[in-house]
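A.B. asks: Handing you a structure now.
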Amino acid sequence: MVNQSTVPPDAREPSRPSGDVKARLSEAVLETWRRAVDRLGSGSIHRLSEEGGTNALYFRARASARAGDLEKAAQQFADLSEIAPTLTAALEGHGEAADRLGQRELARAKYDVARSLRSAVRRGAPDRPFVLRNRGPFPAEIAAYTSVLLSVKDRALPYVARGNALLAEGRAKLALLDYSCALCLKPDIHEVAALKAEALVMMGRYEEALVIFDTALAARPNDAEIYSGRAIACLALGRLDAADADWRRQSGLLPPRQASARACVSLRMADYEAALPELERVLEKEPRDPYWRLYRLTSLRRLGRPAGQAGLEGTADDAWPGPLLALHAGRLSADDVLARADNEGRRAEALFQLGVIAWPQDRAEARRRWEEVAAGSSPALIEHAGARHELARFGS
């Protein structure tokens with residue numbers, strides 16, 4: 001779920017719009033959403049695009065359930081689960097419909113699968129805003145807030161909440177629309193302005209994002225998460241010194257208890273001396289977390305220190321990032337690891353680790369791997385920032 005506690009308190013009881021411009025913008029945003037939902041809801045299952053189709057099918061199944069046609073809803077949720085077997089909202093919707101139909105065993109099975117899937121989803125980097133630490137999809141939340149906005153068009157909170165769900169899904173354009181409308185209704189919600197800037201960063205509109213981040217930080221100079229977003233925008237624009245200044249400011253604002261966030265900030269700057277003690281503290285609490293173990297190995301290797309066998313054992317090689325730990329242990333080759341990196345983020349992680357492993361014996365190979373990371377991954381990734389800093393040490 002997208003946590004509503006992240007919505008700024010001032011957004012919970014927003015003032016009414018004071019002029020026709022605000023009212024017209026609110027209506028325009030709502031009408032855009034109506035058209036989008038209508039468009040996504042039309043056509044056969046097979047003609048719907050993968051990106052929009054699952055949400056459209058979810059909306060239809062949810063509408064059937066709300067209308068009381070539980071058998072139809074159950075079938076629609078079941079069809080959707082066949083198309084998107086990891087969509088937890090569809091499984092939970094099917095479970096709810098089955099429960100109301102008296103099919104208790106089926107409902108329990110659907111809920112169990114959904115819980116298992118949710119527990120397996122790793123949250124985003126802890127040094128980033130709470131909204132971006134969530135991982136989607138969130139069709140239930142989007143549908144719920146869309147329903148609210150059909151009748152309540154002049155309140156900021158539903159736009160913010162739906163924007164948060166959309167941003168967590170990576171649907172930056174629609175999130176930007178919602179944040180813009182919320183800010184039109186209540187311009188002084190600087191936390192929301194920063195999230196609007198995050199949406200712009202996700203869309204590659206870095207200069208625009210910087211202007212908004214600057215304004216938000218002028219109002220909230222001690223907000224560590226806003227520095228995180230501005231640093232990434234600066235990094236994307238090639239302003240490494242400015243990015244580092246923001247990351248250092250963020251690190252200074254993070255309390256010692258947030259060791260995982262502090263570790264991530266240091267890893268972005270490839271400051272392994274600073275990252276290692278934070279990672280040790282995190283691993284005291286989460287000793288089996290594979291990413292913290294991987295980042296500890298990364299820091300030790302780059303510092304030229306022995307990792308010890310304990311740091312290389314205990315994680316299955318098949319579940320990511322298991323292949324990267326297996327690479328460090330010598331159980332998998334570079335080609336094997338790259339073959340298992342099935343998306344852009346994982347490929348960047350694999351290439352970065354190949355550079356780390358190559359560094360002691362083959363600096364040219366390390367450089368080549370880090371150049372691939374810098375050229376082909378999102379600036380928001382820890383590995384992208386780390387690679388850019390490693391390359392800077394070469395004078396690149």
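The values are calculated or read from the model by the stated rules, or taken from the named source; none is laboratory data. All figures in this text were calculated on a predicted structure; none of them were measured in a lab. Neighbour counts are summed over all protein chains in view; Cβ atoms, including those assigned to glycine, are modelled from backbone coordinates with ideal geometry. Surface accessibility is based on the protein's heavy atoms, side chains included, excluding ligands, DNA and RNA. Shrake-Rupley method; radii C 1.70, N 1.55, O 1.52, S 1.80 Å.
A.B. asks: Given the options Ala175, Ala114, Ala140, Ala120, name the one that is modelled with pLDDT of 85 or more and among the small types (Gly, Ala, Ser). Walk me through it before giving the result.
C.D. replies: Values: Ala114 fails: modelled with pLDDT of 85 or more; Ala140 fails: modelled with pLDDT of 85 or more; Ala120 fails: modelled with pLDDT of 85 or more.
Testing whether each residue is modelled with pLDDT of 85 or more and among the small types (Gly, Ala, Ser) leaves just Ala175.
A.B. asks: Within segment 211-220, is even one residue in a helix (DSSP H, G or I) and among the polar types (S, T, N, Q)? Full working, then the answer.
C.D. replies: First, the residues of segment 211-220 that are in a helix (DSSP H, G or I): 211-219.
Then keep just the ones that are among the polar types (S, T, N, Q); that gives 215.
Scanning segment 211-220, I find at least one residue that is in a helix (DSSP H, G or I) and among the polar types (S, T, N, Q), so the answer is yes.
A.B. asks: Conditions: (1) surrounded by 20 or more Cβ atoms within 10 Å (Cβ to Cβ); (2) outside any loop (DSSP other than H, G, I, E, B). Arg115 meets all but one. Number of the miss?
C.D. replies: (1)
A.B. asks: Mind telling me which of the residues Arg288, Arg305, Arg293 ends up being open to solvent by less than 50 Å² (accessible area, probe 1.4 Å) and either within 20 Å of Arg346 (Cβ to Cβ) or at pLDDT below 95 (or both)? Show your work before the answer.
C.D. replies: Details: Arg288 fails: open to solvent by less than 50 Å² (accessible area, probe 1.4 Å); Arg305 fails: open to solvent by less than 50 Å² (accessible area, probe 1.4 Å).
Going through Arg288, Arg305, Arg293 in turn, the sole match is Arg293.
A.B. asks: Let me ask something else about it. Can you report the number of residues in segment 123-137 which are at pLDDT 85 or above and more than 30 Å from Gly252 (Cα to Cα)?
C.D. replies: 0
A.B. asks: Still on this model: Take the residues of segment 100-111 that are among the charged types (D, E, K, R) and under 19 Å from Leu87 (Cβ atoms): which is modelled with the lowest pLDDT?
C.D. replies: Residues of segment 100-111 that are among the charged types (D, E, K, R), as a first pass: 100, 104-105, 108, 110.
Of the ones still in play, those that are also under 19 Å from Leu87 (Cβ atoms) are 108, 110.
Numbers: Arg108: 89, Lys110: 84.
This residue is Lys110.
A.B. asks: While we're here: Would you point out the residue of segment 284-293, among those that are touching a Gly at 6+ places or on another chain (Cβ under 9 Å) and assigned to a helix (DSSP H, G or I), that is nearest to Gly355 (Cα to Cα)?
C.D. replies: Arg293
A.B. asks: Right, something else. Pull up segment 209-233, narrow it to residues that are touching a Pro at 6+ places or on another chain (Cβ under 9 Å) and open to solvent by less than 40 Å² (accessible area, probe 1.4 Å), then point me to the one that is nearest to Ala263 (Cα to Cα). Give the derivation first.
C.D. replies: Just the residues of segment 209-233 that are touching a Pro at 6+ places or on another chain (Cβ under 9 Å), to begin with: 225-226, 228-229, 232-233.
When the remaining residues are screened for being open to solvent by less than 40 Å² (accessible area, probe 1.4 Å), the result is 226, 228-229, 232-233.
Details: Ile226: 17, Ser228: 13, Gly229: 16, Ile232: 16, Ala233: 20 Å.
For segment 209-233, the residue satisfying everything is Ser228.
A.B. asks: I'm checking my understanding of the structure. Among residues of segment 178-194 that are of a type outside the set (Asp, Glu) and open to solvent by 20 Å² or more (accessible area, probe 1.4 Å), which one is farthest from Ser378 (Cα to Cα)?
C.D. replies: Step by step, filter segment 178-194, then rank; the result is Lys186.
Rundown of residues vs (1) hydroxyl-bearing (Ser, Thr, Tyr); (2) in contact (Cβ under 8 Å) with a residue 40 or more places away in the chain; (3) open to solvent by less than 70 Å² (accessible area, probe 1.4 Å), yes/no style:
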| residue | (1), (2), (3) |
| --- | --- |
| Asp342 | no, no, no |
| Glu349 | no, no, yes |
| Pro360 | no, yes, no |
| Trp370 | no, no, yes |
| Ala375 | no, no, no |
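A.B. asks: List every residue pair whose Cβ atoms sit under 7 Å apart, with the two residues 6 or more apart in sequence or on different chains, where the first one lies in segment 139-162 and is within 24 Å of Thr86 (Cβ to Cβ) and the second, anywhere, is outside any helix (DSSP H, G or I) and of a type in the set (A, V, I, L, M, F, W, C).
C.D. replies: Glu141/Met1; Glu141/Val2; Ala161/Val2; Ala161/Val7
A.B. asks: Next question. Would you pick out the residues in segment 236-254 that are touching an Asp or Glu at 6+ places or on another chain (Cβ under 9 Å), hydrophobic (A, V, I, L, M, F, W, C) and open to solvent by less than 20 Å² (accessible area, probe 1.4 Å)?
C.D. replies: Trp247, Leu254, listed by residue number.
A.B. asks: Continuing with this model, one more query. Quick one: Glu96 ticks every box in (1) closer than 30 Å to Trp292 by Cβ; (2) over 20 Å from the mean Cα position of the chain (by Cα) except a single one, so which number is it?
C.D. replies: Result: Glu96 fails condition (1) only.
A.B. asks: Shifting gears a bit: Given Ala275, Ala310, Ala316, which one is at pLDDT below 95, of a type outside the set (S, T, N, Q) and outside any loop (DSSP other than H, G, I, E, B)? First the steps, then the outcome.
C.D. replies: Details: Ala275 fails: at pLDDT below 95; Ala316 fails: outside any loop (DSSP other than H, G, I, E, B).
Of the residues listed, the single one that is at pLDDT below 95, of a type outside the set (S, T, N, Q) and outside any loop (DSSP other than H, G, I, E, B) is Ala310.
A.B. asks: Tally the residues that are in a loop (DSSP other than H, G, I, E, B) and among the basic types (Lys, Arg), restricting the search to segment 59-94. Spell out how you get there, then give the answer.
C.D. replies: Our first condition is that a residue be in a loop (DSSP other than H, G, I, E, B); within segment 59-94, this holds for 67-69, 84-87.
Filter once more, so that each one left must be among the basic types (Lys, Arg): none.
Final tally of qualifying residues: 0.
A.B. asks: A further question follows. Give segment 91-104 a look and list any residue that's without any contact (Cβ under 8 Å) to a residue 40 or more places away in the chain and buried (at least 16 other Cβ atoms within 10 Å of the Cβ), or say none. Full working, then the answer.
C.D. replies: Within segment 91-104, the first condition is being without any contact (Cβ under 8 Å) to a residue 40 or more places away in the chain, and the residues that meet it are 91, 94-104.
The answer is Leu91, His94, Gly95, Glu96, Ala97, Ala98, Asp99, Gln103.
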